[in-house]
Amino acid sequence: MEPLYCETYLRANPDAKRKALRALLIALAVFILAFGFVMMMNMRTYLVLAVMAIIAGIIIFLLPTTQIAYEYIFVDGQIDFDRILKGEKRKTMKRIDMEKVEVVAPEKSHALDAYRQNPVFDYSSGMEGDHYIAIFTGEKGLEQVKFTPDQKMLDAIGTKSPSKLKRQ
């Protein structure tokens, strides 16, 4: 029997918290540079401006990116959720084995009502659409993963574990 394999790649909209943090850090960097320039005028030393420029550079370097993508890879009953930053840095965020999954259902499904209090890991697109929730046994008990699979991924999950996939 041939192994089941499919992958889904999607760009995510950054959440409001990430956008606000980015704007706050940019404002802080501008304030620090302006403060350094004013201090340089009063003290007549370029050392203050250099230090402030270095601090502002560090802040700009540490800015959270708004270019986020997620890739879901389903291979023979195992789903990997990878986050890709700026199209170059990949990190596997979660790995779920379908044997540990309780249910996979649409976000608004009543099949998830008993699990609403569990922690949620959001690896979805962040846009309005068909988000699914996978309930599974993780390191800290039952956990939820919110993701946006395509039809091919849903078919592969349904083929591997038809009793665990709820389509409504």
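Just in region 1-102: which GluC sites (Glu not before Pro) are loop by DSSP and have at most 15 other Cβ atoms within 10 Å?
On the way: sites: Glu7, Glu71, Glu88, Glu99, Glu102; in loops: Glu88.
Answer in residue order: Glu88.
DSSP loop (so not H, G, I, E, B), at most 13 other Cβ within 10 Å: list which trypsin sites (Lys or Arg not before Pro) in region 34-102 pass both filters.
Sparse-neighbourhood loop trypsin sites (Lys or Arg not before Pro): Arg44, Lys86.
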### Query
Out of these labelled values of Kirkwood radius over Cα pairs in Å, [x] 20.7; [y] 17.8; [z] 18.6, which was calculated from the coordinates shown here?
[z]
### Task
With a point put 7 Å past each Cα toward its Cβ, work out how far Leu47 is from Asp130 in nm, to one decimal.
6.5 nm
### Message
So if I take the centroid of the Cα atoms in region 92-168 and the same for region 65-89, what is the distance between those two points in Å?
### Response
16 Å
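Since every read-out is calculated from the coordinates, none of them should be taken as a lab result. Computed from a prediction, not measured in an experiment: that's the story for all the values here. Heads up, the Cβs are rebuilt from the backbone with ideal geometry, glycines too, and the neighbour counts pull from every protein chain shown.
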